[in-house]
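Here's the structure we're looking at; comments come further down.
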Amino acid sequence: MSTIETGMADPAGGQDEAEIFMDPKVQESIGRSLKAHYDDIVNAPVPDKFLVLLAQLEAQENRAAGDSADERH
Amino acid sequence: MSATEFKDGLIKEIPNLRAFAASLSGSMQLADDLVQDTLLKAWGNSEKFEPGTSLRAWLFTILRNTYYSLYRKRGREVQDSEGTYAERLAVRGNQESHLDLADFRKALAKLPEEQREVLIMVGATGLSYEETAEICGVAIGTIKSRVNRARTKLAELLSIGGLDDLGPDRQSAAALQRAGSEIVNI
């Protein structure tokens, strides 16, 4: 009895629409398509502009650090 | 964390940021603008990132907030003028997928934003329900119900899990019923 009660005490609010039954095959098919959609973009080449941008930001920071070091001297 | 370590961390997350941004905005061009803004904000606020926590979750939070505050309206305009990325993105390779990728993307784009974003986060990015709840600022139960509504809606849009899929079972059930009534009739 007490185990069943503990099992039912779901902090997420358990037995509501989150528990709606869905055919596991349909769920699996949607899951595969989601991954296919997402991974297709993840695996695409990253545009150079992002790497250039980050390199510029890093160079700026290094220069700023160098400048403040110079000021201290 | 040194600037170089932080930069390397950001570089590793760029592919995921692009995929999430494209899923949110429905446009690859907007996605790349959004990723650029996210990287700039992340760099400017690097001291707020706590080493040891998930950099992906932190970056997704920035990207998502940027999208909702600045890009949402633009997204609709771009989609209207160019069509969604679903129609323009070349589909690379993956024919193993059960559903056609372009059809799937069109259906995904029709989901309400709040359902689409959680379905992507939970179903494709490797983020946990807890992290997703934190990123969206809602309870885990809310995330679960949004994911379920999203799946149901997608199945409906893609016409899977509907009457068509029940075909063979219904046919065999009908056959059994016929066989049963014949036996009764004898």
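Data for the structure
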quantity: Highest to lowest packing among B:11-21, B:110-120, scored as the average C-beta count within 10 Å; calculated: B:11-21, B:110-120
quantity: Average partner coverage of B:51-61, which counts Cβ from other chains inside 10 Å; calculated: 0
quantity: Cβ neighbours within 10 Å from other chains - mean over A:24-31; calculated: 6
quantity: Estimated distance in nm for a label pair at A:Gln27 and A:Gln56, the labels positioned 7 Å out from Cα along Cα-to-Cβ; calculated: 4.7
quantity: Shielding by partners, peptide B:121-129 (average Cβ within 10 angstrom, other chains); calculated: 3
quantity: Over 32 Å (Cα to Cα) - which of B:Lys106/B:Lys144; B:Lys41/B:Lys144; B:Lys7/B:Lys106; B:Lys7/B:Lys153 fall in this group; calculated: B:Lys7/B:Lys106; B:Lys7/B:Lys153
quantity: Label-point gap, in nm, between B:Thr53 and B:Asn65 - each point 7 angstrom along Cα→Cβ; calculated: 1.1
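No value in this document is a laboratory result; all are computed from the given coordinates. Since the structure is predicted, the reported quantities are computational estimates derived from the model, not experimental observations. Every residue, glycine as well, gets a Cβ built from its backbone with ideal geometry; the counts of neighbours run over all protein chains shown.
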